[in-house]
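Below is one structure, written out as structure tokens, with a few remarks after it.
The values are calculated or read from the model by the stated rules, or taken from the named source; none is laboratory data. It should be emphasised that the depicted structure is a prediction, and the values quoted were computed from it without experimental measurement. Glycine also receives a Cβ, built like all others from the backbone with ideal geometry; neighbour counts cover every protein chain displayed. Side chains are part of the model used for accessible areas, which takes the heavy atoms of the whole protein and leaves out ligands, DNA and RNA. Shrake-Rupley method; radii C 1.70, N 1.55, O 1.52, S 1.80 Å.
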Amino acid sequence: MMIRQVLEGGQRTVRGTLAGNATGFLLWSTAAAAGLSAVLLASPRAYAVLRIAGGIVLMILGVNTLRTALTTVSTRPPREGGRRTGFAGGYLTGLSTNLGNPKAGVFAVSVLPQFVTAKGPVFLSTVALGALWALVSASWYLLLTWAVGRGRALVSRPTVLRGLSVTTGVVLLGLGAAVAAGV
């Protein structure tokens, strides 16, 4: 998704996507700190609802990506200001993709608490770990999108962009179906 965002939307869109993704990590870690893990452990039905809803969000993103890729006829890459571009569009894409991925939630709920001691401020420590998680993820994606941006001319041909969009859509659909099915 990050590669597609930098190729189709440019740096403003990528910055928004990174911010939305980081916000999702912070929300997941805050929910874990507030006791979401206890609720999910106590209610398998609540986890199933969360998992299925996340899968549906990912599948919707996949269908939208495929529809755009298969119906848009272009001789050049889209410019900023189009659909899902700009900071706000990127932010919503990053946030919805992150929050629609229950595996990020499972990581926050099951892994982050293992690094928090009962002797300190548990809530703040868990949120701080979530902030560190968001920072590491954003740093990695900044490096990746910078490299892709530098090689943009090589991969900005319309057929390559369409292939990338179709691949992204198919992956999102498959990932959404797997998440909803509990695989």
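Could you tell me which residue of segment 1-57 is most open to solvent (accessible area, probe 1.4 Å), considering only residues that are part of a loop (DSSP other than H, G, I, E, B) and touching a residue at least 60 places away in the same chain (Cβ under 8 Å)?
Result: A34.
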Selection status of V116, modelled with pLDDT under 85 and over 20 Å from the mean Cα position of the chain (by Cα)
yes
Would you call G182 at positive phi and out of contact with any Cys (no Cβ under 7 Å at 6 or more places or on another chain)?
yes
S29 - would you say it is in contact with a Gly (Cβ under 8 Å, 6 or more places away or on another chain) and polar (S, T, N, Q)?
yes
Being over 14 Å from the mean Cα position of the chain (by Cα) and either part of a helix (DSSP H, G or I) or at pLDDT below 85 (or both) narrows A138, A153, A134 down to just A153
Look at L66 and say whether it is out of contact with any Ser or Thr (no Cβ under 7 Å at 6 or more places or on another chain), in a helix (DSSP H, G or I) and in contact (Cβ under 8 Å) with a residue 24 or more places away in the chain.
yes
Could you check segment 30-87 and list, in sequence order, the residues that are over 22 Å from G176 (Cβ atoms) and modelled with pLDDT of 70 or more?
T30, A32, A33, A34, G35, A38, V39, A42, S43, T85, G86, F87
Which residues, counting only those in segment 159-176, are surrounded by fewer than 16 Cβ atoms within 10 Å (Cβ to Cβ) and not aliphatic (A, V, I, L, M)?
T159, G163, T167, G174
For segment 94-105, indicate whether the set of residues that are basic (K, R), surrounded by 12 or more Cβ atoms within 10 Å (Cβ to Cβ), modelled with pLDDT of 80 or more and part of a helix (DSSP H, G or I) is non-empty.
no
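Can you find, within segment 122-151, the residue that is least open to solvent (accessible area, probe 1.4 Å) among those that are of a type in the set (S, T, Y) and over 18 Å from G94 (Cα atoms)?
For segment 122-151, the residue satisfying everything is T126.
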Being in a loop (DSSP other than H, G, I, E, B) and either under 19 Å from the mean Cα position of the chain (by Cα) or among the hydrophobic types (A, V, I, L, M, F, W, C) (or both) is the requirement here; does V183 meet it?
yes
